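Below is one structure, written out as structure tokens; comments come after it.
The values are calculated or read from the model by the stated rules, or taken from the named source; none is laboratory data. Just so you know, these numbers come straight off a predicted model, no measurement behind them. Methodologically, a virtual Cβ is constructed for each residue, glycine included, from the backbone with ideal geometry; neighbour enumeration extends over all protein chains shown.
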Amino acid sequence: MTSFSTLVAVVTGGGSGIGAAITAAFRARGARVGVLDLHPGDPADGLLPVTADVTDRGSLEAATAAVAEAFGGIDILVNSAGIGAVGPVEGNDDAEWHRVLDVNVVGIARATTAALPYLRRSRHGAIVNLSSIAANAGLVQRALYSASKGAVHSLTLAMAADLVGEGIRVNCLAPGTVDTPWVQRLLARTGDPEAERARLAARQPTGRLVTADEVAAAAAYLASPEAGATTGMSLAVDGGMSGL
Ligand code: NAD
């Protein structure tokens with residue numbers, strides 16, 4: 001079995017939250033990682049931050065090529081860059097619908113297109129997309145965000161079908177509410193952040209928020225050669241929210 005430590009990963013959105021935890025988990029397992037983000041952070045041993053915007057095909061192509069050049073190829077792509085939206089179906093104007101779908105859905109298509117020439121040369125090509133509990137539970141005030149994450153789930157299935165014959169696996173993660181800077185920003189906007197945190201925690205049968213490290217461990221499994229028989233799947237990391 002090929003060791004994870006020989007692999008190279010690209011993580012979009014790796015500058016914060018879940019993407020940063022995935023980057024750390026991959027580094028801890030010895031893989032080298034290129035972080036593609038608007039704010040990619042600082043370089044370190046085995047870690048190459050590259051400024052890139054998932055709404056800009058050219059910036060993704062250049063950043064992906066820079067990672068492949070630095071580390072000698074790419075085996076894994078994690079699509080974690082994403083943005084939120086709050087409101088019912090009539091709550092966001094056309095510009096906001098286009099902006100969120102452009103980042104959360106088209107961004108995955110662009111980053112994948114940029115990475116595929118390298119993944120096709122790998123013996124262990126794997127893609128992990130960040131969907132959400134919002135894809136399969138009716139969350140209130142999340143119409144646009146839920147639509148974008150439902151699309152990520154469907155896109156994952158279609159990509160998996162197209163790429164299985166080339167030995168590239170495609171899966172997605174569907175986290176519940178994860179304690180990241182994104183969620184902390186949302187909490188800070190409410191009148192009573194601690195009460196809102198307790199409400200979100202109570203929604204998950206485990207009674208607490210998911211940690212970014214728990215999502216990262218699931219990403220490391222799906223990306224690893226040990227998951228060689230798993231493709232076209234969505235793995236819930238949601239404190240039991242969708243299953244119980
Ligand atoms: P976060 O805001 O902490 O991190 C998101 C990262 O994406 C940031 O570093 C940001 O700079 C980057 N990003 C945003 N737009 C970008 C663009 N156009 N180009 C490049 N990078 C861009 O958010 P998070 O909570 O870590 O969420 C990461 C992913 O996980 C998202 O796709 C989100 O939808 C998904 N998710 C989050 C939760 C949660 O509760 N936090 C739950 C389910 C799914």
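Conditions first: (1) of a type in the set (A, V, I, L, M); (2) within 16 Å of the ligand (Cβ to nearest atom); (3) in contact with a Phe, Trp or Tyr (Cβ under 6 Å, 6 or more places away or on another chain). Residue 67 passes all but one, so which condition is the exception?
Tallying (1) of a type in the set (A, V, I, L, M); (2) within 16 Å of the ligand (Cβ to nearest atom); (3) in contact with a Phe, Trp or Tyr (Cβ under 6 Å, 6 or more places away or on another chain), residue 67 fails exactly one: (3).
Mind listing whichever residues of the range 132-182 are basic (Lys, Arg) and under 14 Å from the mean Cα position of the chain (by Cα)?
The answer is 149, and nothing else.
Determine which single condition residue 55 fails, assuming it passes every other condition in (1) in a loop (DSSP other than H, G, I, E, B); (2) in contact with a Leu (Cβ under 8 Å, 6 or more places away or on another chain); (3) within 13 Å of the ligand (Cβ to nearest atom).
(2)
Looking only at the range 145-159, which residues are within 13 Å of the ligand (Cβ to nearest atom), touching a residue at least 24 places away in the same chain (Cβ under 8 Å) and not polar (S, T, N, Q)?
145, 147, 149, 151, 152, 153, 155
Confirm whether residue 105 is of a type in the set (Val, Ile, Thr), in the same structural domain as residue 215 (by TED's automatic domain parsing) and touching a residue at least 40 places away in the same chain (Cβ under 8 Å).
Considered against the rule, which asks whether it is of a type in the set (Val, Ile, Thr), in the same structural domain as residue 215 (by TED's automatic domain parsing) and touching a residue at least 40 places away in the same chain (Cβ under 8 Å), residue 105 comes out as yes.
Can you go through 85, 111, 70, 115 and tell me which one is part of a loop (DSSP other than H, G, I, E, B), assigned by TED's automatic domain parsing to the domain that holds residue 146, on the phi < 0 side of the Ramachandran plot and touching a Leu at 6+ places or on another chain (Cβ under 7 Å)?
85
How many residues are surrounded by fewer than 22 Cβ atoms within 10 Å (Cβ to Cβ) and in a loop (DSSP other than H, G, I, E, B) when one looks only at the range 23-44?
7
With the checklist (1) in contact with a strand residue (DSSP E or B) (Cβ under 7 Å, 6 or more places away or on another chain); (2) not in a loop (DSSP other than H, G, I, E, B) in hand, flag the one item residue 20 doesn't pass.
(1)
Out of the residues in the range 200-214 meeting the condition of being charged (D, E, K, R) and at pLDDT 95 or above, tell me which one is surrounded by the most Cβ atoms within 10 Å (Cβ to Cβ).
Within the range 200-214, the match that is surrounded by the most Cβ atoms within 10 Å (Cβ to Cβ) is 214.
From 163, 173, grab the single residue that is surrounded by fewer than 22 Cβ atoms within 10 Å (Cβ to Cβ) and not in a loop (DSSP other than H, G, I, E, B).
Exactly one residue qualifies, and that residue is 163.
Would it be correct to say that residue 105 is part of a helix (DSSP H, G or I) and under 20 Å from residue 12 (Cβ atoms)?
yes
Inside the range 202-215, can you point out the residues that are farther than 18 Å from residue 234 by Cβ and touching a residue at least 24 places away in the same chain (Cβ under 8 Å)?
203, 205, 206, 207, 208, 209, 211, 212, 213
Just give me the residues in the range 73-112 being more than 13 Å from the ligand (Cβ to nearest atom) and within 11 Å of the chain's Cα centre (by Cα), in sequence order.
Correct list: 77 only.
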